[in-house]
Amino acid sequence: MYTFATPLERALRTNPNAPATYCEGRVQTYEQFARRCRKLGGALRALGLQPGDRVGMVGPNSERYFELYFTVPASGFVFVPVNWRLAGPEMVSVLEDAGVRVLFMDGDFPTPEGVEHVIRMPKEYDDFVEGGAEITLGEGVHEDDLAVLFYTSGTTGVGKGAMHTHRSLLASTMHFLATWPYDADSKWLVCSPMFHTGGTLAIMAIVWAGGSHVILPQFDPEKACDLIESQQITHTLMVPTMLSAAAKSQRSNPRDVSSLRYLSHGASPISVETLRATRNAFPDAELLHVYGTTETTPCTLFLKHEERIIDTPLVKSCGQPSIGVEVRIVDMSTGEEAPTGTVGELWTRTPSTMKGYWNKPEETAAVLVEGGWYRTGDLGYVDAANHVFLVDRAKDMIVTGGENVYSVEVEVALSSHPAVDEVAAFGVPDSKWGEAVYAVVVATAEVTPEELIAHCKSQIAGYKVPKQIEVWNKPLPKSAAGKILKRDLRDPHWANQQSSVAGS
């Protein structure tokens, strides 16, 4: 039986004096880290918390955040990392929905009335830790106990809390350990937000191996590249927008980044142009596409060695199932498995799947179906070698004049224009066609909508070409995880419509 305490126990036996964390010049060895975790666990229990009680955290990445991520579940409680970039009412809604009893804050954020204890970082937190009596981490904790509630972003109201157990998150770790090598010399740059599954993607794997974490509080491309050089980073994950910014930084101010051998990305589609720029900026790194969801963790599909396939059709895949993961493509009209090469909904079955949504049985039943399968809501197909190719989110598919248009294929066509840096395609109401294809692009050079439409006509079928294109010189709206918020672009167009599904 494995719990959050298990990887740390091994690190203490194999590499106790090695640095566990580095953050803004502050270093903790595994022995120091474990001592603080044991005392933090004792301090939490002294507050009168019961097993399963929720403990929240709001703030940027730090070594203190890292301590909470380990300690709260290893002490028998449930950790609730909250997106610190949410608006005040959204943040309060998440905390109230989770029933958080203790809230740690690194910054000035709103607090719901129901929270019993608020502990601020750094001084209050450090005093709280030092005042705790050491406990044995993992004692009385079981692998099927809830460990973390990761909240998804909600399109209306509060998001859904994906309930992950010790077992599901450590299964995800095993998927990753079976894909990339980790050892005591591994150094992972934590630069994605830790309230997101991508930010905590490799924490357990690195600790199990006795490696080190270099923590960047907020992503900054200059600081990220500087840390890769100064701290001899070997592994990291960035979302595509981060990769693009880091590659630009490295090109304009070259550093010695030869230590970086494993560079992964996920959370949103990536253009071939961004992959090429990344490869040129970090030529010694293996590129890895990771795919997953908050409900299954990012370690679901892996496309290894993208640098070898950049100029092949396979680069459009998001990978094959990781070891321990099964996938199906399901015909949404029949519920039967679709033939190879036929588009359907992607279903996955893996021990890293969540237990369900917190206090949302109907939503849980809609995605966790018979046989242990999870419905991702993504549309795609598989080839003969079980590579998965995604074509769209089911909700993002555009139906125009009776034809299905996948927004991703429109975005790929536009991204191939040299002036286009970012792009989002979506459907808008159209009295003639039901829906019309619409796109918003961010340009790095002078370009007109007419030029972009002409470019699309040379790339894709006429009915897929956007009827209108907006050209921006500011970034597209994004979530804290780096995903483009397509609904923020689309919703104003549907504000006065009865339905955002054409023909319904």
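Open to solvent by 30 Å² or more (accessible area, probe 1.4 Å) and either closer than 27 Å to PRO339 by Cα or assigned to a helix (DSSP H, G or I) (or both), is that true of GLU295? Criteria not met by GLU295. Taking every residue in the range 347-366 that is more than 27 Å from ASN386 (Cα to Cα) and pairing it with any residue that is surrounded by fewer than 17 Cβ atoms within 10 Å (Cβ to Cβ), at least 6 positions away or on another chain, the pairs with Cβ-Cβ distances below 7 Å are TYR357/GLU363.
Scanning the range 204-245 for residues that are of a type in the set (A, V, I, L, M, F, W, C) and assigned to a strand (DSSP E or B) yields VAL214, ILE215, LEU237, MET238. Here LEU414 meets each of (1) in contact (Cβ under 8 Å) with a residue 60 or more places away in the chain; (2) in contact with a Cys (Cβ under 7 Å, 6 or more places away or on another chain) with one exception, condition (1).
Among the residues of the range 29-44, which ones are within 13 Å of VAL129 (Cβ to Cβ) and open to solvent by 20 Å² or more (accessible area, probe 1.4 Å)?
First pass over the range 29-44, keeping only residues within 13 Å of VAL129 (Cβ to Cβ): 32-44.
Residues satisfying the conditions are GLN32, ARG35, ARG36, ARG38, LYS39.
Here MET354 meets the list (1) assigned to a loop (DSSP other than H, G, I, E, B); (2) more than 20 Å from the chain's Cα centre (by Cα); (3) crowded, with 17+ Cβ neighbours inside 10 Å almost entirely, failing just condition (2). With respect to being modelled with pLDDT under 95 and within 23 Å of CYS299 (Cβ to Cβ), GLY324 fits the description. For the range 246-273, filtering for residues that are open to solvent by less than 30 Å² (accessible area, probe 1.4 Å) and either free of Cβ contacts under 8 Å to residues at least 12 places away in the same chain or outside any loop (DSSP other than H, G, I, E, B) (or both) leaves 7. Listed here are the helices (runs of 4 or more DSSP H) enclosed by the range 63-157 that have at least 1 residues being within 15 Å of ARG45 (Cα to Cα): 63-74, 123-130. Can you find, within the range 392-406, the residue that is farthest from VAL327 (Cα to Cα) among those that are open to solvent by 20 Å² or more (accessible area, probe 1.4 Å) and not charged (D, E, K, R)? Going through the qualifying residues, I end up with GLY401. Residues that are surrounded by 14 or more Cβ atoms within 10 Å (Cβ to Cβ) and free of Cβ contacts under 8 Å to residues at least 24 places away in the same chain within the range 1-26 comprise LEU12, PRO16, listed in sequence order. Touching a Gly at 6+ places or on another chain (Cβ under 6 Å) and either in a strand (DSSP E or B) or open to solvent by less than 30 Å² (accessible area, probe 1.4 Å) (or both) - does that describe any residue in the range 429-452? Yes, there is a match, as at least one residue in the range 429-452 is touching a Gly at 6+ places or on another chain (Cβ under 6 Å) and either in a strand (DSSP E or B) or open to solvent by less than 30 Å² (accessible area, probe 1.4 Å) (or both).
Take the residues in the range 407-428 that are open to solvent by 30 Å² or more (accessible area, probe 1.4 Å) and assigned to a helix (DSSP H, G or I); name whichever of them is nearest to ASP378 (Cα to Cα). Across the range 407-428, the extreme among qualifying residues is VAL408. Scanning the range 198-245 for residues that are open to solvent by 10 Å² or more (accessible area, probe 1.4 Å), among the β-branched types (Val, Ile, Thr) and touching a Gly at 6+ places or on another chain (Cβ under 7 Å) gives a single hit, THR241. The residue of the range 419-453 that is nearest to the chain's Cα centre (by Cα), among those that are acidic (Asp, Glu) and within 25 Å of GLU403 (Cβ to Cβ), is GLU435.
Within the range 68-91, how many residues are aliphatic (A, V, I, L, M), touching an Asp or Glu at 6+ places or on another chain (Cβ under 9 Å) and open to solvent by 10 Å² or more (accessible area, probe 1.4 Å)? Within the range 68-91, residues that are aliphatic (A, V, I, L, M), touching an Asp or Glu at 6+ places or on another chain (Cβ under 9 Å) and open to solvent by 10 Å² or more (accessible area, probe 1.4 Å) number 0. Considering the range 365-391, the residues that are over 25 Å from PRO313 (Cα atoms) and assigned to a strand (DSSP E or B) include one that is least open to solvent (accessible area, probe 1.4 Å), namely TYR374.
The values are calculated or read from the model by the stated rules, or taken from the named source; none is laboratory data. All values reported here derive from a predicted model rather than from experimental measurement. Because the Cβ atoms are built from the backbone with ideal geometry, glycine has one as well, and the counts that use them run over all protein chains shown. With ligands, DNA and RNA removed, areas are computed over all heavy atoms of the protein, side chains included. Shrake-Rupley method; radii C 1.70, N 1.55, O 1.52, S 1.80 Å.
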